[in-house]
Amino acid sequence: MSVTILDGGMGQELIARSGQATGLWSVQALLDHPEIVRAVHDDFFAAGAEIATTNGYAVLPDRLEARGLESRLQELSDLSCQLACDARDAHGSGLVAGGMGPLGFSYQPDKAPPADQAADIYARLAMMQLPFVDLHLLETMASVDQARGGLMGAGVTGKPVWLAVSVDDRDGTKLRSGEQLTELLPLAHEFQPEALLINCSRPEAISQAVPIIAGAVPLTGAYANGFTSIADAFDHIGATVDILEARTDLGPEPYADFAAEWVAAGAKIVGGCCEVGPSHIKELARRFQK
């Protein structure tokens, strides 16, 4: 089976390298240290990644408005895309995925606007990415309605759309909203994203989730985070990721063992999310690239 290697987690890697954990999270590096963003992309490609995800997860109107930066949305979107494209060009191969994170806040789908309203925002973001990216990647969608809004919006460009959803860390058969993961499948049938992935959840939960979505769309994939859990206080714009604790038992080899479970269950795309760095991607590439 051919397995595509996605990159790893940009945000936590930026914090590790810059020492900054702010309410703007990965956007802070675009403002202060774009060269570090480029270096992370370079390192993931060197490790064996075949896709660079733009540092666009938090380049969202609501995140920027909270800091008085809403007028810089286009500028920051362009920069996040250009840095990924430059790294891809320097590497000589690969694709660029335009990353778009959840509106409202991560893991909090109740804070997201309804699908029709979200669709307008995601359409605007997708059009900004259009000149640069090979595909759009909706990340960490945590409810059916949140995923619907993303799919409605991102589809306006005609580029392939990949949908990544986050599941309950204690029960991977459920989205973080509490809805059954199976409730997402009619949406996948309706919008036909090119890929459906599980992301930013514990790898144990992802191992439960992948068999449920396998075969729903042409490509299935997974990329886990390396947090012990999601702290209750990490629930609003401005919360900083330094309140989240990294696992100590999820080095490159154990992580790749989990990825092997996902591949056996039908995943054709594997990579990493928060706390999964270049060394993890190198091990995935060693095991799964042919």
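Looking at (1) open to solvent by less than 30 Å² (accessible area, probe 1.4 Å); (2) modelled with pLDDT under 90; (3) in contact with an Asp or Glu (Cβ under 9 Å, 6 or more places away or on another chain), find the lone condition where L14 falls short.
The failed condition is (3).
With respect to E139, determine if the residue is open to solvent by 40 Å² or more (accessible area, probe 1.4 Å) and not hydroxyl-bearing (S, T, Y).
Against the criterion (open to solvent by 40 Å² or more (accessible area, probe 1.4 Å) and not hydroxyl-bearing (S, T, Y)), E139 does not qualify.
Between G221, G155, G150, which is open to solvent by less than 50 Å² (accessible area, probe 1.4 Å) and out of contact with any Leu (no Cβ under 7 Å at 6 or more places or on another chain)?
Numbers: G221 fails: out of contact with any Leu (no Cβ under 7 Å at 6 or more places or on another chain); G150 fails: out of contact with any Leu (no Cβ under 7 Å at 6 or more places or on another chain).
Answer to the selection: G155.
Within the stretch 107-120, track down each residue that is within 19 Å of L73 (Cβ to Cβ) and out of contact with any helix residue (DSSP H, G or I) (no Cβ under 6 Å at 6 or more places or on another chain).
Listed by number, the residues that qualify are P113, Q117, D120.
With (1) farther than 24 Å from P254 by Cβ; (2) surrounded by fewer than 24 Cβ atoms within 10 Å (Cβ to Cβ) as the list, and W162 as the residue in question, which single condition is left unmet?
Single failed check for W162: (2).
Taking into account only those residues within the stretch 104-129 that are closer than 18 Å to C200 by Cα and polar (S, T, N, Q), which is least open to solvent (accessible area, probe 1.4 Å)?
The residue in question is S106.
Give, as residue ranges, the helices (runs of 4 or more DSSP H) completely inside the stretch 132-215 that count at least 3 residues that are touching a strand residue (DSSP E or B) at 6+ places or on another chain (Cβ under 8 Å) and of a type in the set (G, A, S).
Result: 144-154.
So which of R176, R170 ends up being open to solvent by 20 Å² or more (accessible area, probe 1.4 Å), at negative phi and within 18 Å of the chain's Cα centre (by Cα)?
When all the criteria are applied, what remains is R176.
Condition check ((1) polar (S, T, N, Q); (2) open to solvent by 50 Å² or more (accessible area, probe 1.4 Å); (3) in contact with a strand residue (DSSP E or B) (Cβ under 9 Å, 6 or more places away or on another chain); (4) part of a helix (DSSP H, G or I)) across all residues:
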position: F44; (1), (2), (3), (4): no, no, yes, yes
position: Y57; (1), (2), (3), (4): no, no, yes, no
position: L64; (1), (2), (3), (4): no, no, no, yes
position: L73; (1), (2), (3), (4): no, no, no, yes
position: L79; (1), (2), (3), (4): no, yes, no, yes
position: Q82; (1), (2), (3), (4): yes, yes, no, yes
position: P102; (1), (2), (3), (4): no, no, yes, no
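Being modelled with pLDDT of 95 or more, surrounded by fewer than 15 Cβ atoms within 10 Å (Cβ to Cβ) and in a helix (DSSP H, G or I) is the filter here; which residues of the stretch 236-253 pass it?
Hit for the stretch 236-253 is E253, nothing else.
The values are calculated or read from the model by the stated rules, or taken from the named source; none is laboratory data. Predicted model, so just to flag it, every value in this text is computed and none were measured. Glycine also receives a Cβ, built like all others from the backbone with ideal geometry; neighbour counts cover every protein chain displayed. Please note that ligands, DNA and RNA were not included when accessible areas were found on the heavy atoms of the full protein model with its side chains. Shrake-Rupley method; radii C 1.70, N 1.55, O 1.52, S 1.80 Å.
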